[in-house]
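Take a look at the structure below.
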Amino acid sequence: MTRFSLIATLLLVTAACSRTGQAEPRTLPPAAPAAVLASAPPVGEKVTLTDEAWKAKLDPARYHVLREAGTERAFTGAFWKEKRQGLYVCGACGAPLFDASTKFESGTGWPSFTAPVQQGRVDAHTDESHGMTRTEVRCARCGGHLGHVFDDGPSPTGLRHCINSASLDFIPNASESPGKALNGI
């Protein structure tokens, strides 16, 4: 992309945000996951906001998934086809959740990972909704609903963390092109 086309694109995005009343997206320069983890909130730190504060912070689709345990339709999320290397963080609080090196194609239409980036970054809870028993996974920092974990994944863990794209932001490695804007606290 030429410098002129980059500037033109930024002007169009700024104009579109102004027309819709949305804030201009805040983007971060590409960073290696190790650098993000080094500066990440510590495992065990909690974020608690009121329902009104979450509604003000999150767009309706993210609010539905993260705060109401909703699910986006299969094959529609931003990250189910993402192939770049980087780090997936919570779309509500910015806590690191999954490294792209653990992502695999599960055929389900949702991003799937074999393991969280660090122990203690996600919490598991029994979910008996929809007439079945599943294991729900939530962000350990803010309690945001991420998706579910199943025991039909590949080696080395045998787990499939089936995660809603709406619950995530992506930070590509420095060698990759920039990803989505972050929505962290």
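The values are calculated or read from the model by the stated rules, or taken from the named source; none is laboratory data. All values reported here derive from a predicted model rather than from experimental measurement. Cβ placement follows ideal geometry from the backbone for every residue including glycine, while neighbour counts extend to all protein chains displayed. The protein model used for the area step is the full one, side chains on, heavy atoms only, and it has no ligands, DNA or RNA in it. Shrake-Rupley method; radii C 1.70, N 1.55, O 1.52, S 1.80 Å.
Descriptive notes on the structure:
- Per residue accessible area of region 75-117, 1.4 Å probe, in Å²: 33
- P(r) weight above 26 Å for region 23-149, C-alpha pairs, percent: 19
- Inter-label distance, nm, simple model (7 Å from Cα along the C-beta direction), residue 56/residue 134: 3.2
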